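Structure record follows, encoded as structure tokens.
Here, each number is a calculation from the coordinates, and none is a lab measurement. Just so it is clear, the model here is predicted, and its values are computed rather than measured. Neighbour counts run over all protein chains shown; Cβ positions are idealised from the backbone, glycine included.
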Amino acid sequence: MVDKANFVVSVVGAGQMGRGICQSFAMSDFAVQMMDVSAEALERGKSFIENQLLKGESKGKWDSNYVKSCLEKISLVQSIEELSSSNLVIEAATENKELKAKIFKDLDSVVDESCILATNTSSISITELAANVSHPQRFVGMHFMNPVPVMKLVEGINGLETSKETFNVVKDITSDLGKVLVESRDMPGFVVNRILMPMINEAVYAVYEGLASVEDIDQAMKLGTNQPMGPLTLADFIGLDTCLSIMEVLNDGFKDSKYRPCPLLKQYVLAGRLGKKAKRGFYEY
């Protein structure tokens with residue numbers, strides 16, 4: 001197991017996934033740095049975490065001392081250079097290959113060669129991203145699910161060069177977080193999105209072709225397959241731009257027409273109807 005007292009975790013990105021990953025580590029007694037170039041994003045991320053912890057306190061899940069302890073575990077930094085003492089850095093930036101590549105090139109020049117570099121990518125090749133660092137054997141995929149503090153699953157993905165030692169450390173850390181690691185091959189979409197995104201895309205096609213209304217499609221899948229929410233609601237929560245990006249990765253990676261993004265999904269993204277975060281997607285919020 002990892003010696004938490006001498007282990008520093010850093011998370012690059014203070015958005016929805018980054019703040020959730022930070023919260024999960026802090027709640028499991030890890031010291032964690034949340035890094036973002038935007039001071040506003042950092043403050044917003046820390047405030048969101050505090051509010052989530054206070055909600056838990058109000059419901060009797062934990063006491064005020066625990067909330068205080070968790071918040072003290074989180075420090076905010078604005079530059080890659082401040083992550084030099086990290087033992088594990090998890091990149092949780094936007095699902096953009098070029099952006100992620102730049103982040104890892106910058107990290108490579110800052111962190112110690114023993115530091116594990118991980119990406120939270122939901123679909124991009126781990127092997128391809130690892131090519132941006134000097135020690136690809138210390139590079140691994142850690143795909144958390146949203147909302148991170150609630151969801152138990154972490155997809156662990158080996159790149160071509162990832163060492164067994166690195167993967168075993170990640171497995172131990174996942175266990176320390178109270179989560180379950182499922183190992184996936186480094187293929188587009190890994191396990192969850194390889195199965196989930198084509199289902200969502202097919203639901204969008206059902207709307208596009210006038211098969212049924214948005215509400216009825218969601219209702220049918222909820223009641224007919226016992227899903228907690230319909231695929232179109234889920235798409236809105238994930239973000240339609242993220243769904244489109246993952247479908248494009250699947251389509252490019254497999255060259256199979258079954259992964260072709262629905263034209264309606266592309267239209268919604270072009271129109272700025274990105275889902276819950278934009279107040280409008282298949283539903284209005």
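On a 0 to 90 degree scale, rounded to 10, what angle separates helix 164-176 from the longest Cα axis of the chain?
The helix 164-176 is inclined about 80 degrees to the chain.
Could you give the radius of gyration (one decimal) and Dmax (whole number) of the Cα atoms in region 61-137, in Å?
For region 61-137, the Cα-based Rg and Dmax read 15.0, 45 Å.
Can you tell me the length gained on complete extension of the stretch residue 252 to residue 161, counting 0.36 nm per residue apart and subtracting the Cα distance? Walk me through the numbers before you get to the answer.
Details: separation 91, 0.36 × 91 = 32.76 nm, distance 2.29 nm.
In short, 30.5 nm is gained.
What does the extension gain come out to for residue 227 and residue 285, with contour length at 0.36 nm per residue minus their alpha carbon separation? Working shown, then result.
Values: separation 58, 0.36 × 58 = 20.88 nm, distance 2.11 nm.
Gain on stretching residue 227 to residue 285: 18.8 nm.
Please compute the contact order of the chain in relative form: average sequence separation of alpha-carbon pairs under 8 Å and at least six residues apart, divided by the residue count, as a percent. Walk me through the intermediate numbers first.
Values: 493 pairs, mean separation 38.4, N = 285.
This gives 13 percent for the chain.
So if we plug the beta-carbon distance of residue 131 and residue 58 into 1/(1 + (r/R0)^6) with R0 = 45 Å, what FRET efficiency do we get, rounded to 0.05?
Numbers: r = 47 Å, r/R0 = 1.04.
Efficiency for this residue pair is about 0.45.
Work through the residues other than residue 7 whose Cβ is under 14 Å from its Cβ and net out their charges, Lys, Arg +1 and Asp, Glu -1. Provide the component values of the computation, followed by the final result.
Numbers: positive: 4, 73; negative: 3, 29, 112, 172, 176.
Here the count lands on -3.
Within the set of other residues whose C-beta is less than 11 Å from the C-beta of residue 51, count the net charge using Lys and Arg as +1 and Asp and Glu as -1. Spell out each step's value before the answer.
Values: positive: 19, 44, 46, 55; negative: 50, 57.
That sum, taken over residues with Cβ under 11 Å, equals +2.
Compute log10 of I(q)/I(0) for region 193-276 with the Debye formula, placing one identical point scatterer on every Cα and leaving out solvent, at q = 0.11, 0.13, 0.17, 0.24 Å⁻¹, to two decimals.
-0.26, -0.37, -0.64, -1.22
Could you order peptides 28-40, 95-107 by the average number of other Cβ atoms within 10 Å of their residues, highest first? If you can, show how the numbers build up before the last one.
Working: 28-40: 18.3, 95-107: 16.4.
My ranking of the peptides, most packed first, is 28-40, 95-107.
If you take the beta carbon distance between residue 66 and residue 183 as r and set R0 to 30 Å, what does 1/(1 + (r/R0)^6) give as a FRET efficiency, to the nearest 0.05? Can you show the working numbers first?
Values: r = 32 Å, r/R0 = 1.07.
That gives a FRET efficiency of 0.40.
Nearest 5 is fine: what % of DSSP beta bridges in the chain come out antiparallel, could you say?
Working: 7 of 32 bridges.
Taking every DSSP beta bridge within the chain, about 20 percent pair in antiparallel fashion.
Quick one: check the C-alpha center-to-center distance for region 1-68 versus region 141-161, whole angstrom.
Value for the Cα centre distance between the two parts: 17 Å.
To the nearest 0.05, how large is the calculated FRET efficiency for residue 114 and residue 202 if R₀ is 30 Å and r is the Cβ-Cβ distance?
Numbers: r = 45 Å, r/R0 = 1.49.
For R0 = 30 Å, the calculated efficiency reads 0.10.
How much length would be gained if the chain were fully extended between residue 209 and residue 168, taking 0.36 nm per residue of separation minus their Cα-Cα distance, in nm to one decimal? Walk me through the numbers on the way to the answer.
Details: separation 41, 0.36 × 41 = 14.76 nm, distance 4.67 nm.
Gain in length upon complete extension: 10.1 nm.
Take the alpha carbon atoms of region 168-245, find their center, do the same for region 84-103, and report the distance between the two centers in whole angstrom.
23
Counting other C-beta atoms within 10 Å, and keeping those with at most 14, which DSSP coil trypsin sites (Lys or Arg not before Pro) do you find in region 35-92? Write out the running numbers ahead of the final one.
On the way: sites: 44, 46, 55, 59, 61, 68, 73; in loops: 59, 61, 73.
Sparse-neighbourhood loop trypsin sites (Lys or Arg not before Pro): 59, 61.
Which of the pairs 179/222; 179/277; 164/266; 73/105; 179/276 have their Cα atoms more than 32 Å apart in this structure? Mind showing how you got there, number by number?
Numbers: 179/222 26 Å; 179/277 26 Å; 164/266 40 Å; 73/105 27 Å; 179/276 26 Å.
Too far apart for the 32 Å limit: 164/266.
State the dimensionless ratio Rg/Rh of region 123-242 (Rg: radius of gyration of Cα atoms; Rh: Kirkwood radius). Mind dumping the intermediate values first?
Numbers: Rg = 17.3 Å, Rh = 16.1 Å.
For region 123-242, the value is 1.07.
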